[in-house]
Amino acid sequence: MTLKTDRSAHSSDDPAPQAESDEAPKLSSDDIFHILQTNRRRDAIRFLLDQDGPVKMRDVAEYVAARENDTTVAELTSTERQRVYIPLYQSHLPKLDEEGIIEYNQSRGIVRPTDQLYVFEPYIKATENGASSLEDRASGGRAIKEYYVTAVAASASLLLASVAGILTIPGLVLGAIITALFALITLVTNLSQFVDSAASLTPR
């Protein structure tokens with residue numbers, strides 16, 4: 001009887017582990033950042049977050065290819081499509097499926113988002129907001145740079161006029177202009193480096 005009781009107790013515990021095995025594994029922060037490291041996976045997730053249900057794998061690939069080539073889906077070439085389609089088909093979408101983020105029917109070419117997909121929504125929004133902010137800063141930096149370039153040119157013109165004898169400038173004022181000119185040149189150089197680095201970091 002003891003054996004029978006133990007067996008029945010064991011069988012009553014069986015459903016609980018089965019229920020746990022049906023749940024998708026929870027993603028750690030390391031998993032999330034590893035997945036988002038790749039532009040193509042990030043763009044695929046961005047596309048799927050805007051969809052209401054299952055989509056064709058081809059639509060995902062075309063969206064990713066259009067972003068990658070800074071163009072529209074209608075203007076994509078067959079080469080641009082193929083270059084993105086194959087890695088998505090063979091690697092990136094299977095990876096997202098393996099992590100429980102999507103259900104990917106490779107043979108039918110259907111991608112179905114799971115609830116885990118929405119874990120990525122705040123990260124995707126953050127990257128978009130960051131890109132927008134970076135573009136604004138770069139734009140503002142270009143405007144300031146143009147202003148100071150004009151100031152440098154004006155100061156240089158005054159110096160040339162003084163050297164040529166066209167314009168008489170007191171020594172104290174001339175010294176102030178020369179000091180300001182060097183300061184402006186340094187500032188313009190730093191602004192140029194900022195604008196160039198901001199432009200290189202801004203995603204296409």
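For segment 25-113, relative contact order (Cα pairs under 8 Å, six or more residues apart, normalised by length) works out to 31 percent. Reported to the nearest whole Å, the Cα centre-to-centre distance from segment 101-130 to segment 26-86 is 9.
No value in this document is a laboratory result; all are computed from the given coordinates. Because the structure is a prediction, the values reported are computed rather than measured.
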